[in-house]
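Engineer: Here it is, the structure, as structure tokens.
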Amino acid sequence: MFVYFCGSIRGGRDDVDVYRKIVIRLKQYGTVLTEHVSSTELTDRGEDASEAGDRFIHDRDVDWLRQSDVIVAEVTQPSLGVGYELGRGVAMAKKILCLFRSSSGRTLSAMIRGAADGEQFVVKDYSEDKVENILDEFFSNLKRT
Ligand SMILES: O=c1[nH]c(=O)n([C@H]2C[C@H](O)[C@@H](COP(=O)(O)O)O2)cc1CO
């Protein structure tokens, strides 16, 4: 199984430790195509603007989205890139799990919360200590469908 993990990069790296925890768990379920998103070495400047530049990052990530079987996004820290990835994912009819920490005091965008249908597009409010359980539950339901 190929998993595409989305998390904020240029939108801010405050939640990188949570991303790391999520990616470690996701690796039990398959190949995480975007492991770099959870790297503590990656700053809010992005991937060294990559030698090939932003177009390279965009095209590579859209290819990975196409290849993925499931998209998991940590959406607490607002990020244009994550929102874009989710929109592309919906257009590709991918199975999507969005994870939001209400303890942040933020209100999740209506364009994410309002997209939830409980099946193809799932939004879960969670606390960091429960994240592994939520992922385990999501992936065990996935196997049954
Ligand atoms: O350097 C990058 N590498 C990369 O893979 N991305 C992708 C993966 C992340 O899920 C998402 C983050 O978007 P943003 O940088 O707008 O927060 O975009 C984004 C950037 C920088 O925008």
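The values are calculated or read from the model by the stated rules, or taken from the named source; none is laboratory data. For clarity, every value in this text was computed on a predicted model and none was experimentally measured. Neighbour counts are summed over all protein chains in view; Cβ atoms, including those assigned to glycine, are modelled from backbone coordinates with ideal geometry. Calculation scope for accessible area: heavy atoms of the full protein, side chains included, ligands and nucleic acids excluded. Shrake-Rupley method; radii C 1.70, N 1.55, O 1.52, S 1.80 Å.
Engineer: Which aspartates and glutamates, if any, have their Cα less than 14 Å from the Cα of LYS143, not counting same-chain residues under 8 positions apart?
Structural biologist: ASP69, GLU119
Engineer: Quick one: how many Å² of ILE22 are accessible to a 1.4 Å probe, rounded to 10?
Structural biologist: The accessible area comes out at roughly 0 Å².
Engineer: Here's a follow-up. Using a cut-off of 17 Å between alpha-carbon atoms, which aspartates and glutamates can reach LYS21, once sequence neighbours fewer than 8 places away in the same chain are excluded?
Structural biologist: Leaving aside aspartates and glutamates fewer than 8 places away in the same chain, those within reach of LYS21 are GLU35, GLU41, GLU74, ASP125, GLU128, ASP129, GLU132, ASP136, GLU137.
Engineer: Grab the beta carbon distance between ASP54 and ALA116, set R0 = 30 Å, and tell me the FRET efficiency rounded to 0.05.
Structural biologist: Taking R0 as 30 Å, the efficiency between ASP54 and ALA116 is 0.50.
Engineer: Right, next: What residue among PHE100, PHE56, PHE121 has the largest mean-square fluctuation in a Gaussian network model of the chain, using Cα springs under 10 Å?
Structural biologist: Largest GNM mean-square fluctuation: PHE56.
Engineer: State the dimensionless ratio Rg/Rh of the stretch 1-63 (Rg: radius of gyration of Cα atoms; Rh: Kirkwood radius).
Structural biologist: 0.97
Engineer: Starting from 0.36 nm per residue, how many nanometres of slack lie between ARG88 and ARG106 once their C-alpha separation is accounted for?
Structural biologist: 4.1 nm
Engineer: Can I ask one more? For the stretch 2-143, I need the span (max minus min coordinate) of the C-alpha atoms along each principal axis, in Å, sorted largest to smallest.
Structural biologist: In descending order, the Cα extents are 40, 31, 30 Å.
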